[in-house]
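Read-outs: derived from the displayed coordinates by stated rules, not from any lab. Quick caveat, the model's predicted, so the values are computed rather than measured. A quick note on method: Cβ atoms are made from the backbone with ideal geometry, for glycine too, and the neighbour counts reach across all protein chains shown.
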Amino acid sequence: SEGGQHQHDFSSLFDVDAIDASQRELYVTILDTAYERAKSDAENWGEISRMTKGHLIYGELPATMKQVGITVDQRWFADKVDAFRDIKEKSVLADPGPKIDQSHAKSAFGLDYTGHADDGAFLNHLEKQRAIFLERKEKGTKPGEGGNAPFFAVIQSSGYGKSRLISQISACRDQQYDVIYWTFASKQAYPPKNVEISELQFNSLRREALEKALHREISVAVGNAQSGRQADSETIFIQLGTNTKPPPMQQRTDQKRIIFVVDEASELLGKFTSDGVSFYRALRTAFTKFETEASWLFFVVMSTFSSITYLSPELAMDPSFKPYSGYDDVNQNPLNPFILGSSFRVNNDRHAILTKTVEECHDPQCLYSMGRPLWKALLTGTTPMLPHKLLSYGRKKLRNSTDNDPKLTKKEEILAVLSVRLCLSISPTSWYVPSLVACHMGTALSISEDRMSMVVTYPSEPVLAVGAKMFMKNQENIGRMISALQDFLTHGAVDRGYKGELIVRLLMTLAMDKAMGSEEVKEVQLKDYLVQFDRDGADLGELINGLNNNGYKQFDVEEELKKLKRLNLDWPDSRAMLEEKLEEKKRNRASPPLMYADGRVCFTHFVYLSKSTQGELITHDLLRYAYRRSAAIVVEEGPRGIDKVIPLRVEEDKFVGLVVQDKNRVSDTLQSLTRADNPATHHKVNVEYFLTEAEKETFRSAGVDLERNWPAILFAVGVDKVGAEVATQLEQKRFRHNNLSNTDRFDFPCIILTGLDYSKLMTADAAARLKDLRDFEFVPSLQKREDIPITYGS
């Protein structure tokens with residue numbers, strides 16, 4: 001507390017999961033106070049900033065608390081150090097994913113290699129980074145300005161083939177490279193661990209001794225490679241405490257260069273010398289001893305952890321790092337990492353997938369192969385994994401767990417599950433981003449030059465989407481997910497501008513899961529899917545049943561004639577004339593919202609269609625392709641006027657779309673939305689408006705009749721009143737170019753759903769949380785608003 005002593009039992013603070021709300025508040029208060037008081041002290045700054053990043057404890061807690069007048073029993077703290085480090089390793093440096101039987105991994109690794117663009121791109125990147133390093137060295141870069149270690153990192157999440165890429169380069173004898181490969185993975189992994197550091201001396205192992213030992217063993221390995229004595233099967237033992245000097249480096253006489261690869265380097269971040277330095281920092285210091293050999297020897301570090309790109313990783317990843325404590329501890333300008341990504345294309349060739357039938361693609365053996373190379377390799381190796389086993393493994397990898405417990409409790413795993421299924425827009429600067437790539441199967445797309453942000457996405461991977469279905473069957477999880485979404489929006493982890501769209505994606509996904517029934521991916525008739533949105537006071541099934549076989553609402557001829565104020569009903573000529581007018585009126589009404597009521601839908605996740613993507617249009621082939629991947633399409637905001645297109649199979653291989661719009665406006669009413677002059681429910685859901693001429697031609701070429709309009713649905717989630725109705729119809733259409741001279745009689749189908757309360761899809765508690773999410777707006781505290789009057793006023 002400010003200016004005084006405060007006694008408190010802090011033992012519970014080491015159990016992160018056990019901290020209740022009051023303890024968290026006290027903990028944050030302590031750290032905030034310490035943070036402010038230690039700003040001027042560079043040495044303490046490192047400790048304090050580590051502790052205040054996230055919700056984990058780093059550094060010397062007693063020393064920090066002493067600064068703010070809080071006493072802690074030092075003996076008690078010493079007993080808690082091991083437990084503290086265990087929490088750190090489990091929470092931040094967790095092993096990225098569960099292990100599988102080594103026989104499966106080995107057989108997958110042994111499959112014939114399929115080349116991709118990154119094979120050449122990696123070597124080009126290597127030579128570019130070498131040139132940058134040598135240029136910096138020639139210019140005499142000062143300590144602290146970067147460039148003092150000849151290495152760069154290869155970053156990507158598990159399963160993209162980082163190790164396999166290096167193995168392929170090593171196997172290509174015609175390449176101008178020799179490869180030395182060290183891996184710190186477990187013995188059960190494949191490739192298995194081939195470097196051992198004796199743990200018998202950990203208690204007395206100091207940083208300098210480990211650096212010397214690593215320097216010596218690297219030199220020996222390089223010498224063996226130069227002389228042709230390298231043996232991949234041998235395990236390298238790092239001998240500590242010996243005074244043997246490293247052998248001298250010899251200049252190569254041939255043209256070959258050496259790539260020294262260190263795989264699973266993040267394993268070294270969780271081990272420390274007796275003087276508190278991580279093994280990883282000792283390794284990178286050893287790299288600096290070889291800067292004069294950089295013209296022919298270069299190091300590559302491979303990891304799922306993006307922070308490994310630094311010579312000194314970010315504070316949360318390496319608690320031993322103290323800024324400004326020495327020449328080799330700081331590198332503000334590390335060499336650029338290589339983001340492996342093109343391997344994703346290996347098993348996702350659109351043309352090859354489109355040559356298969358829908359039924360062939362939806363078979364688990366095929367469907368689960370779509371995605372990163374890992375999935376197909378495990379399914380087709382010499383010791384293949386069965387599809388249901390792969391599904392379980394993918395589910396565990398997604399949540400970074402070794403069990404199949406359906407309950408989700410951690411924010412990272414909830415964010416991963418929602419991202420896989422709902423296609424969330426994740427902030428590149430979010431605290432969760434490194435963890436998503438390292439531990440939850442997120443795909444890195446790019447890292448900023450200052451390493452402060454990373455673009456992360458979850459591409460279409462059906463095995464992860466189907467695996468995530470299990471978590472969304474648990475109603476407790478649904479409530480947690482909705483509350484977590486609100487938290488993500490509050491703190492900027494997810495783009496808050498699309499709150500209404502996220503709510504609709506969640507509802508549509510839950511409805512699809514319920515219509516499918518089981519874990520199996522199967523097609524569902526459109527009318528059976530739509531009735532999942534039934535609610536008290538808004539019976540969608542009754543609305544659907546009110547449509548005749550042609551999709552029109554049933555007409556009472558006599559009643560309609562009376563509405564036209566025709567009184568002489570017995571006069572044949574008059575009656576015939578009026579019936580003709582009635583038929584004309586019927587023709588001018590909308591095509592049915594269920595024109596394709598017997599069509600089939602099938603999706604497990606959403607994918608994103610950007611308006612900036614070159615050539616990626618809403619074509620017939622796009623819908624065929626998405627359907628085969630069990631994917632629905634999110635359309636980027638723009639001139640199209642629609643938010644989603646759900647592929648709808650109307651014949652064997654003919655597709656149209658279920659068009660979806662989302663509205664989150666309080667002012668909407670069922671009456672206003674169903675009016676004939678409302679553009680959202682009329683011309684914007686018309687294929688003549690949201691499809692370009694080139695796009696329409698792809699459907700016509702496939703034999704799809706565009707005179708039959710696509711079904712459409714509008715979710716007005718901002719409205720409190722629950723309702724369901726078919727939009728009142730218009731007699732004229734508006735073309736995309738909005739030239740009103742080009743008008744004609746046309747049909748506009750659209751079902752309007754207002755309000756929430758989807759009781760068939762979630763519990764009352766989850767429904768209440770969904771309303772809270774809808775109504776949530778981030779509003780700063782009154783004091784902050786008063787402090788910043790220009791922004792918030794008074």
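Would you mind checking 106/389; 410/499; 654/696; 139/162 for any pair whose Cα atoms are more than 24 angstrom apart?
Values: 106/389 17 Å; 410/499 21 Å; 654/696 14 Å; 139/162 33 Å.
Pairs exceeding 24 Å: 139/162.
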Inset, instruction - Could you list which residues have their amide H under 5 Å from that of residue 263, counting only those 5 or more apart in sequence or on another chain, with H placed in the peptide plane? - result: 182, 183, 184, 302
Inset, instruction - Using the structure shown, list the pairs from 397/514; 187/356; 396/522; 245/271; 187/212 with a Cα-Cα distance above 28 Å, or answer none. - result: 187/356
Inset, instruction - Quick one: what are the phi-derived ³J(HN,Hα) couplings along the range 449-457, Karplus 6.51/-1.76/1.60 with θ = phi - 60°, whole Hz, x for glycine and proline? - result: 4, 8, 6, 8, 8, 9, 7, 10, 9
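Output the peptides 130-139, 704-713 sorted from most to least packed, where packing is the average of other Cβ atoms within 10 Å over each peptide's residues. All intermediate terms of the calculation are to be shown ahead of the outcome.
On the way: 130-139: 14.6, 704-713: 20.4.
In descending order of packing, they fall as 704-713, 130-139.
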Inset, instruction - Give the long-range amide H neighbours of residue 258: residues separated by 5 or more places, or on another chain, with amide H under 5 Å away, using H modelled in the peptide plane at 1.01 Å from N. - result: 178, 297, 298
Legend entry - ³J(HN,Hα), Karplus 6.51/-1.76/1.60, whole Hz, each residue of the range 288-297, x for Gly, Pro: 5, 6, 10, 5, 6, 9, 4, 5, 9, 10
Inset, instruction - Give the calculated FRET efficiency between residue 672 and residue 483 to the nearest 0.05, with a Förster radius of 56 Å applied to their Cβ-Cβ distance. - result: 0.95
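Once you have the Cα-Cα distance between residue 759 and residue 431, take 0.36 nm times their residue separation minus that, and quote the gain in nm to one decimal. Can you show the working numbers first?
Values: separation 328, 0.36 × 328 = 118.08 nm, distance 3.43 nm.
The span from residue 759 to residue 431 would gain 114.6 nm if fully extended.
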Legend entry - Under-5 Å amide H pairs with residue 151, H placed in peptide plane, nonlocal only: 299
Inset, instruction - May I ask for the distance between the Cα centers of the range 504-528 and the range 438-492, given as a whole number of Å? - result: 21 Å
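Please compute the Kirkwood hydrodynamic radius of the range 443-539 from all pairs of different C-alpha atoms, in Å with one decimal.
16.0 Å
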